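Visitor: Before I ask anything, let me first share the structure, which is written out below as structure tokens.
The values are calculated or read from the model by the stated rules, or taken from the named source; none is laboratory data. No experiment lies behind these values; they were computed from the predicted model shown. Cβ coordinates were reconstructed from backbone atoms using ideal geometry, including for glycine residues, and neighbour counts include every protein chain displayed.
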Amino acid sequence: MEDTPFGPRPTFPSGVELPQLAWTVCPGKGVDYAGLYRAHYGRLPENWLLGCYQRVRTGYSADQGIRRTGASGGVLSQTLIYLLENQKVDGVIVVQQGVPEPLKARAVVARTREEVLEAAGSVYIPVATLDILSRLTLGERYAMVCLPDQAAALRQLQNAGHAAARQILFVVGPYTGTALYPAAIDCYLRSKKVPANDPVVSLKWRAGEWPGYLEIRTAAGRVLQSKKIYYNFLIPFFVTQSSLQGMDFTNEYCDLSVGDAWSPQFEAKGGGHSVITTRSVEMEAIVQEMERAGLLVTESIDPAVSLSMHGHMIDFKKRGSYIQNRLRKWLGLAAPNHKIRPEPLPVSRITVQMVIASLFFFGSTRLARKVLEWMPEEVIGPVFNRLRLLWKGFSKPVKRKGLGNLNMIEDESV
């Protein structure tokens, strides 16, 4: 994999042919969601917004150190540490910011509590996580942190009998909305007038107390900080294509999926709270073991309540991505075929997505990104956040219309 300003790209020596299995499982060409559900779970989900699940909770790690270190409630870190310390796995595969250098991130194998916590927290740039499969130790057992497209590819590899993929006994991962191209940080640094001879020595995407803030430290001692709700202004300009094209927000093929518990109740409490969704019998048993051991503080909730915390982004994925992909095909551009289409799909929802697609297209232009560099964050941060809230309020009735009874129809042509 070759690092570029727009994420890792595969390179192949002259004359080398891509293995058929690599093409078969590649999420870039599309994920047969319904087919993978049948292959992995043996059935289609009753709720297409959430996917197959055992139980849904809210909660956080009882260890305050782990809770504060994590991006949300520290649940993923706590689970990985539990799996290691109870010899259920030999290593856990995590994504760590700062490897091999501060502005990059890589998948690494952690074998101790300390190594897990070193990799705790969100990473918002693309990482070729499955690239590590070729470097696993034969005979060892692993848990792995995956994003939705990676989890789907991994499950297909496992179903195909791929030896290294089958060494992954547990797949865990975060709810995943949007990611940024690495070029976003380059733009941010230029907007802050950080000279090229003052390199970045540390980058944290969600430093401090939940919900956190972007923190960048440079060799000369500069410390740049931006609230999460402010640096979201980078999204329209540097959102990844995979963010716009994938239809899975809640990481439906993981054994354990965890997201921020966005609600006024939890935001008022602070400290970090997570939505915790178990999807396999084995992982549900592990979570119950952690509860009994006092490692997790949890409360069972109605799945519908958990979905209401993320309704905007779920619609963005389930219906928005479908419309986005159809639009790209209409324009003659490459787009994945996920072989499902959402119903209902009101004309008003299509119209809203056309507006969103236009904004993303304009934001991706060189001119728009250059203008972004000239605008002080103290101006664009609050303005963007205000516009975001206004747009969210305006589009909410349209985006929520029909979402509660959304169904997915299998269709080879889409």
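Visitor: Output the residues belonging to region 157-187 that are farther than 30 Å from ARG366 by Cβ, assigned to a helix (DSSP H, G or I) and either among the small types (Gly, Ala, Ser) or under 19 Å from the mean Cα position of the chain (by Cα) (or both).
Guide: Hit for region 157-187 is ALA165, nothing else.
Visitor: Could you run through region 271-324 and say how many residues are part of a loop (DSSP other than H, G, I, E, B), closer than 16 Å to VAL56 by Cβ and touching a Lys or Arg at 6+ places or on another chain (Cβ under 7 Å)?
Guide: Matching residues across region 271-324 total 1.
Visitor: In region 44-71, what count of residues is obtained for those that are in a loop (DSSP other than H, G, I, E, B), over 19 Å from GLU284 (Cβ atoms) and not aromatic (Phe, Trp, Tyr)?
Guide: Adding up the residues that qualify gives 5.
Visitor: Something else now. Pairs please, first residue from region 291-316 and among the polar types (S, T, N, Q), second anywhere and surrounded by fewer than 16 Cβ atoms within 10 Å (Cβ to Cβ), Cβ atoms under 9 Å, 6+ apart in sequence or on different chains.
Guide: THR298/GLU291
Visitor: I'd like to know if region 261-270 contains one or more residues that are outside any loop (DSSP other than H, G, I, E, B), modelled with pLDDT of 95 or more and either surrounded by fewer than 16 Cβ atoms within 10 Å (Cβ to Cβ) or touching a helix residue (DSSP H, G or I) at 6+ places or on another chain (Cβ under 9 Å) (or both).
Guide: For region 261-270, residues outside any loop (DSSP other than H, G, I, E, B), modelled with pLDDT of 95 or more and either surrounded by fewer than 16 Cβ atoms within 10 Å (Cβ to Cβ) or touching a helix residue (DSSP H, G or I) at 6+ places or on another chain (Cβ under 9 Å) (or both): absent.
Visitor: Another question about this same structure. Just one of ALA71, ALA22 is within 17 Å of TYR175 (Cα to Cα) and either of a type in the set (A, V, I, L, M, F, W, C) or exposed (fewer than 14 other Cβ atoms within 10 Å of the Cβ) (or both); which is it?
Guide: It is ALA71.
Visitor: For region 128-147, give me the residue count where each residue is outside any loop (DSSP other than H, G, I, E, B), over 21 Å from ILE286 (Cβ atoms) and not β-branched (Val, Ile, Thr).
Guide: 5
Visitor: Determine, yes or no, whether GLY363 is touching a strand residue (DSSP E or B) at 6+ places or on another chain (Cβ under 9 Å) and at pLDDT 85 or above.
Guide: yes
Visitor: May I pose another question? Give me the residue from region 31-62 that is small (Gly, Ala, Ser) and buried (at least 19 other Cβ atoms within 10 Å of the Cβ) and, out of that set, nearest to VAL275 (Cα to Cα).
Guide: GLY59
Visitor: Hey, another quick one. Identify all residues within region 325-343 that are assigned to a loop (DSSP other than H, G, I, E, B), exposed (fewer than 15 other Cβ atoms within 10 Å of the Cβ) and out of contact with any Lys or Arg (no Cβ under 8 Å at 6 or more places or on another chain); write none if there are none.
Guide: Within region 325-343, LEU331, GLY332, LEU333 qualify.
Visitor: Scan region 1-43 residue by residue and report those that are assigned to a helix (DSSP H, G or I) and in contact with a strand residue (DSSP E or B) (Cβ under 7 Å, 6 or more places away or on another chain).
Guide: TYR33, ALA34
Visitor: Considering only residues that are part of a helix (DSSP H, G or I) and either free of Cβ contacts under 8 Å to residues at least 24 places away in the same chain or of a type in the set (D, E, K, R) (or both), which ones fall in region 216-248?
Guide: LYS228, GLN241
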